[in-house]
Amino acid sequence: MQATVTNQTHTRNKIHPKKFGLWAACASITMMFGAFTSAFLVRQAAGNWLEFALPGVFTLSTVLIVASSITLHGSYLAFKKGAVSLYKGLLIATFALGLFFVAAQYEGWLAMKELLGLPMGTNPSSDFVYLISMIHAAHVVGGVAVLAVALIHAFTLTSGPTPTRKLRLELTATYWHFVDVLWVYLFVFMTLQS
């Protein structure tokens, strides 16, 4: 009897394997972007570096992704409370804001090319901005795909907030908040370096 109780207590205190996998992936992505920003600084110090201000649309994209984290958090809270309409509405808003973020990033790349005259391959400084923002946008597109699955679940599954559904939405929110915080860091970093 004692061994069973101890085993159940130990199991309850362990992190869920899916959460552990997500956190490990986030740590790996963080190290990759840490390497990019370190390489940015090293290359900047080497010379032949063109300083320019990021196009304003990158500020808009930052506002969009922060707003999407807020709506997703609200959706998660509404889901836990069983407020189905609010949960679905905020999830739709999050999905739309994610798409608008990617569109704003694309507009930022066009502005760098057209307005600033900095297409890819022009200067290492602009190439780093393209590289960092494009790889981040690819991670956001992955998050948008996960949000699409969450939307399908929201409109097709009739069960309430079961532990499985709660875990799925929690993992979705964790990843989305991660790419949000990552972009804010990258945006501030690139803004301060220009």
At 7 Å along the Cα-to-beta-carbon direction for both Ala111 and Asp127, put a label point, then send me their distance in nm to one decimal. 2.4
What number results when the radius of gyration of the chain, computed over Cα atoms, is divided by 2.2 N^0.38 Å? 1.24
How far apart, in nm, are two points set 7 Å out from the Cα along the Cα-to-Cβ line at Ser85 and at Tyr185? 4.0
Along the charge dipole of the chain, which of His177, Ala78, Ala35 sits closest to the positive end, that is, farthest toward it, with unit charges on the beta carbon of Lys, Arg, Asp and Glu (+1, +1, -1, -1)? Ala78
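Computing the accessible area with a 1.4 Å probe over protein heavy atoms, can you report the carbon and sulfur percentage for segment 19-170? Mind dumping the intermediate values first?
Working: 5480 of 7540 Å².
In segment 19-170, the share of accessible area belonging to carbon and sulfur is 73 percent.
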Mean projected area (nm²) of the alpha-carbon convex hull when segment 80-194 is viewed from all directions: 7.9
Per the 1/(1 + (r/R0)^6) rule, R0 = 22 Å and r from the Cβ atoms of Ser38 and Val141, FRET efficiency to 0.05 is 0.35
Could you work out how much longer the chain between Ala96 and Phe20 gets when fully extended? Use 0.36 nm per residue separation minus the Cα distance between them, nm to one decimal. 24.5 nm
I'd like to verify something in the chain: which complete DSSP H helices, judged by Cα projection on the helix axis, reach 20 Å or more and average at least -1.0 on the Kyte-Doolittle scale? 17-45, 57-81, 84-114, 124-156, 163-193
List the residues whose amide H sits under 5 Å from the amide H of Leu118, counting only those 5 or more places along or on another chain, with H placed 1.01 Å from N in the peptide plane. Lys113
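The values are calculated or read from the model by the stated rules, or taken from the named source; none is laboratory data. Computed from a predicted model, the values in this text were never measured in an experiment. Every residue, glycine as well, gets a Cβ built from its backbone with ideal geometry; the counts of neighbours run over all protein chains shown. Side chains are part of the model used for accessible areas, which takes the heavy atoms of the whole protein and leaves out ligands, DNA and RNA. Shrake-Rupley method; radii C 1.70, N 1.55, O 1.52, S 1.80 Å.
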